[in-house]
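**Student:** Submitted below is the structure of interest, expressed as structure tokens.
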Amino acid sequence: MLKKYFDWTPRDIAYWEKIHQKGLRHFILWYGMAITAGLFFILFGLVAFIIWLTQVIGRPIHATNVIFLIGQLVFVAIVCLAAGLVNSLVTWVVEERLYRKYKNRSS
């Protein structure tokens, strides 16, 4: 079943060549930071906000509560950015290996 994900067609090779031409930096910024980290932040930031909201519901909201929420969201953002960076780097390395393997086969 996993073979179909690692078995590239000429269309897949052409698609990766387009991505590859833009470079690693663009891939990390777009795929890693914008898409992956952004989606992670929306998901986990929402979870952190809901948990915070359930803790302060029915109580007066003080500045310390808001500062605590901001601290949590900053922490979530940093973790999500790190996860996006790692995800994009791992994806780049795996895709490059597959690209070279199938590019050499098709040549």
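**Student:** So if I check each of 49, 68, 44, which one is closer than 18 Å to residue 87 by Cβ, part of a helix (DSSP H, G or I) and out of contact with any Asp or Glu (no Cβ under 8 Å at 6 or more places or on another chain)?
**Tutor:** The unique qualifying residue is 44.
**Student:** Taking the condition farther than 26 Å from residue 25 by Cβ and at pLDDT 90 or above, does residue 71 pass? Lay out the reasoning, then the answer.
**Tutor:** Values: farther than 26 Å from residue 25 by Cβ: yes; at pLDDT 90 or above: yes.
Yes, satisfied.
**Student:** Sticking with this one: Residues in the stretch 7-27 that are out of contact with any Lys or Arg (no Cβ under 9 Å at 6 or more places or on another chain), among the β-branched types (Val, Ile, Thr) and either touching a residue at least 60 places away in the same chain (Cβ under 8 Å) or in a helix (DSSP H, G or I) (or both): how many?
**Tutor:** So the answer is 1.
**Student:** Something else now. So, residue 3, is that one at pLDDT below 95 and under 18 Å from residue 88 (Cα atoms) or not?
**Tutor:** no
**Student:** Would a scan of the stretch 32-41 turn up a residue that is of a type in the set (S, T, N, Q) and under 21 Å from the mean Cα position of the chain (by Cα)?
**Tutor:** Yes, there is a match, as at least one residue in the stretch 32-41 is of a type in the set (S, T, N, Q) and under 21 Å from the mean Cα position of the chain (by Cα).
The values are calculated or read from the model by the stated rules, or taken from the named source; none is laboratory data. All figures in this text were calculated on a predicted structure; none of them were measured in a lab. No Cβ is skipped: glycine too gets one built from the backbone with ideal geometry, and neighbour counts run over all protein chains shown.
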